[in-house]
Amino acid sequence: MARIVNPDGSAVLDFEAIRDRLAGLGITLRRWPAPESESARALLDKPALDDAEKEELLAAVDNRFEELKRVAGYTTRDLVVIHEHIPGLADMLAKFEKIHTHSDDEVRYVLAGTGYFGFVEPDGGQFMLEVNAGDYINVPANAEHWFTLGDSQRIKAVRYFIDTSGWTPHYTDRPVLFD
């Protein structure tokens, strides 16, 4: 379950309080259970997946895609599988660990693993949101944010797109205040 980590190390665990704080930045957070079938669980436990296995997991959550297509106009989705054995992982992650924006929403549905979205508040303050299996997040276009895996080094998440060209990061040069 999601939790907010403040710069002083304190945490917010109450889902309603987290959702309200994020809503103030235009960010949507929902709880969507991860697939629980035996075959889905086996795939979620594997560090790496081939294309057929990714498609099988996407099919297990296709109802979410159909809903997002209907209510928000999403046209495509994919499954990102990040694990510690990916060649060049540190370089890949470094692109997202700097504060940036996108011209389109950044939408993720975490199926397994842990990641951290960092956000910049209007007053320049920053906080991090830990996301885990079952967390759906929609970061609106132009919201200043960053993403890191922290110590976990593993995550499986569905990415939803209206237009994939809007997902290019635009760096703000603002420093991340978290270590």
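The values are calculated or read from the model by the stated rules, or taken from the named source; none is laboratory data. None of these values were measured; they are calculated from a predicted model. Reconstructed Cβ throughout: ideal geometry from the backbone, glycine too, with neighbour counts over all protein chains shown.
Remarks
- Residue match in region 106-120 (condition: of a type outside the set (K, R) and in a loop (DSSP other than H, G, I, E, B)): no
- Filtering region 94-119 to residues that are out of contact with any strand residue (DSSP E or B) (no Cβ under 8 Å at 6 or more places or on another chain) and either among the small types (G, A, S) or crowded, with 19+ Cβ neighbours inside 10 Å (or both) leaves only A94.
- Exactly one residue out of A48, A60, A42 is touching a strand residue (DSSP E or B) at 6+ places or on another chain (Cβ under 7 Å) and not polar (S, T, N, Q), and it is A48.
- Per this entry, L58 is not counted among residues that are outside any helix (DSSP H, G or I) and closer than 22 Å to F161 by Cβ.
Yes or no, residue by residue, for (1) aliphatic (A, V, I, L, M); (2) under 22 Å from V5 (Cα atoms):
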position: R70; (1), (2): no, no
position: V80; (1), (2): yes, no
position: D123; (1), (2): no, yes
position: N132; (1), (2): no, yes
position: Y136; (1), (2): no, yes
position: H145; (1), (2): no, yes
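- Among residues of region 1-32 being assigned to a helix (DSSP H, G or I) and not aromatic (F, W, Y), the one that is surrounded by the fewest Cβ atoms within 10 Å (Cβ to Cβ) is E16.
- Yes/no for R77 being closer than 30 Å to G124 by Cα and either in contact (Cβ under 8 Å) with a residue 24 or more places away in the chain or not in a loop (DSSP other than H, G, I, E, B) (or both): no
- For the condition surrounded by fewer than 17 Cβ atoms within 10 Å (Cβ to Cβ) and of a type outside the set (G, A, S), P35 does not qualify.
- Being among the hydrophobic types (A, V, I, L, M, F, W, C) and touching an Asp or Glu at 6+ places or on another chain (Cβ under 7 Å) holds for only one residue in L43, L13, and it is L43.
- A search for C-beta distances below 6 Å between a residue of region 153-179 that is under 22 Å from N138 (Cβ atoms) and in contact (Cβ under 8 Å) with a residue 60 or more places away in the chain and any residue that is assigned to a loop (DSSP other than H, G, I, E, B) and of a type in the set (G, A, S), counting only pairs 6+ apart in sequence or on different chains, returns I162/G73; G166/S103.
- Of the residues making up region 123-144, those that are buried (at least 19 other Cβ atoms within 10 Å of the Cβ), within 30 Å of D45 (Cβ to Cβ) and in contact with a Leu (Cβ under 9 Å, 6 or more places away or on another chain) number 8.
- Of all the numbered requirements in (1) part of a loop (DSSP other than H, G, I, E, B); (2) of a type outside the set (D, E, K, R); (3) at pLDDT below 95, L93 misses one, and that requirement is (1).
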